[in-house]
Amino acid sequence: MPNPTAKILDGKALAAQFKEDMQQEVQHLVASYGRAPGLAVIIVGDDPASHVYVKNKKIACEKVGIKSFSHELAHTTTQEHLLGLLAELNRNPKVDGILVQLPLPAHIDADYVLKAIASHKDVDGFHPYNVGCLAVRQPELRSCTPYGCMKLLETTGVDLHGKEAVIVGASNIVGRPMALELLLAGVTVTIAHRFTENLQAHVERADIVVAAAGKQGLVQGSWIKQGAIVIDVGIHRLEDGTLTGDVDFAEASKRAAWITPVPGGVGPMTITMLLANTIQAFRTHVGDESTA
Ligand code: GUN
């Protein structure tokens, strides 16, 4: 059988298109309501990768006209101090969205902190209320990475109903909400995780593979079913500086119909959905029910 080369799911291009539309949308909102949507971004400590992510989020906000409020806190910040700041931001009428960059230092209970964000300002979609809303098919603010993956899947034009998806990784921020998104879209979903026996057998029958284990090259190209859609959420920097994902891209792209590259696949969509969520939170906040 000939080996067609997979089509690329270009997250960078899709994100650029979304951002252009959101820029227009924000201009209209400013004209109607006299202020731009506001996103508060909190980072605790000096993890270099987290600082890069936060910087990119702020740049993306500026690009579409969302106002970002930065809170860079020392590694030694207490949980009480962080909770106090969140209480203030929850009350602040100029703040529509709040994001606490993860990971937090070990002395802070991240689960507790995330629950202290007002659910209507939880633009990461991590609050148990928002995850629960998705679980009961009433999505409000949706987790950004899975939401971005769904937007990428939409661009394939493939009818997802009844397809078999295997998600590799069961994290709170990707694997679990991704399963809920796919379930909502009528997909038959399996979540594989660290205790899963015979990962290969699961991946081999998947029409849709979402790799989100955080393990470089975990998903071998030879496991991919002919014609599958492959979404790679992993991102790893190799010693030579190149970025790569959880999937063996070179081999997988000989078998898949569609595949996301790393970088330029899921990553740009995550930030874009954060902006979309901030605009959605703004609309809820000001009582605007219309869509742009
Ligand atoms: N750390 C890694 N990914 C994310 C994300 O999507 N949001 C936040 N807040 N922290 C992260």
**Given (1) of a type outside the set (V, I, T); (2) open to solvent by 30 Å² or more (accessible area, probe 1.4 Å); (3) over 30 Å from P93 (Cβ atoms), number of the condition H285 does not satisfy** = (3)
**Prompt:** Among the residues of region 191-228, which ones are farther than 24 Å from K7 by Cα and not in a helix (DSSP H, G or I)?
**Reply:** I191, A192, H193, R194, F195, T196, E197, N198
**Where T196 falls short, out of the listed (1) hydroxyl-bearing (S, T, Y); (2) within 27 Å of F18 (Cα to Cα); (3) open to solvent by 10 Å² or more (accessible area, probe 1.4 Å)** = (2)
**Request:** Considering every residue within region 59-69, establish whether at least one is more than 15 Å from the ligand (Cβ to nearest atom), open to solvent by 40 Å² or more (accessible area, probe 1.4 Å), closer than 28 Å to A36 by Cα and of a type in the set (D, E).
**Result:** yes
**Prompt:** With V26, V44, V54 as the choices, which residue is of a type outside the set (D, E), in contact with a strand residue (DSSP E or B) (Cβ under 6 Å, 6 or more places away or on another chain) and within 20 Å of M273 (Cα to Cα)?
**Reply:** V54
**Complete:** Result of the Cβ filter at 7 Å on region 51-71, keeping first residues that are part of a strand (DSSP E or B) and partners that are among the charged types (D, E, K, R) and surrounded by fewer than 18 Cβ atoms within 10 Å (Cβ to Cβ), at least 6 apart or interchain, is S68/K58; S70/K58
**Prompt:** If we scan region 85-103, do we find a residue that is within 13 Å of the ligand (Cβ to nearest atom), within 20 Å of the chain's Cα centre (by Cα) and in a helix (DSSP H, G or I)?
**Reply:** no
**Message:** Suppose the filter is closer than 29 Å to L152 by Cβ and more than 16 Å from the ligand (Cβ to nearest atom); does V52 pass it?
**Reply:** no
**Asked** Just wondering, is there one or more residues in region 115-135 that are within 17 Å of S171 (Cβ to Cβ), open to solvent by less than 20 Å² (accessible area, probe 1.4 Å) and touching a Gly at 6+ places or on another chain (Cβ under 6 Å)?
**Response** no
**Request:** Please enumerate the residues belonging to region 104-114 that are more than 14 Å from the ligand (Cβ to nearest atom) and either in a loop (DSSP other than H, G, I, E, B) or touching a His at 6+ places or on another chain (Cβ under 8 Å) (or both).
**Result:** A106, H107, D109
**Asked** Within the set of pairs 6+ apart or on separate chains, which have a first residue in region 97-110 that is open to solvent by less than 80 Å² (accessible area, probe 1.4 Å), a second that is in a strand (DSSP E or B) and near the ligand (Cβ under 7 Å from one of its atoms), and C-beta atoms under 9 Å apart?
**Response** A110/V100
**Message:** Which of the numbered conditions does M22 fail, given that it passes all the others? Conditions: (1) within 16 Å of the ligand (Cβ to nearest atom); (2) crowded, with 18+ Cβ neighbours inside 10 Å.
**Reply:** (1)
**Residue that is farthest from the ligand (Cβ to nearest atom), among those in region 236-247 that are open to solvent by 30 Å² or more (accessible area, probe 1.4 Å) and touching a Leu at 6+ places or on another chain (Cβ under 9 Å)** = T244
**Request:** Please work out which residue is nearest to I231 (Cα to Cα), limiting yourself to region 129-147 and to residues that are without any contact (Cβ under 8 Å) to a residue 40 or more places away in the chain and within 15 Å of the ligand (Cβ to nearest atom).
**Result:** P146
**Message:** I'm trying to understand the selection: among the residues of region 148-168, which are free of Cβ contacts under 8 Å to residues at least 60 places away in the same chain, open to solvent by less than 60 Å² (accessible area, probe 1.4 Å) and part of a helix (DSSP H, G or I)?
**Reply:** M150
**Where D124 falls short, out of the listed (1) away from the ligand (no atom under 12 Å from the Cβ); (2) touching a residue at least 12 places away in the same chain (Cβ under 8 Å); (3) assigned to a loop (DSSP other than H, G, I, E, B)** = (1)
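The values are calculated or read from the model by the stated rules, or taken from the named source; none is laboratory data. A quick note: this is a predicted structure, and the numbers were derived from the prediction, not measured. Glycine also receives a Cβ, built like all others from the backbone with ideal geometry; neighbour counts cover every protein chain displayed. Just the protein is used for accessible areas: all its heavy atoms, side chains included, with ligands, DNA and RNA removed. Shrake-Rupley method; radii C 1.70, N 1.55, O 1.52, S 1.80 Å.
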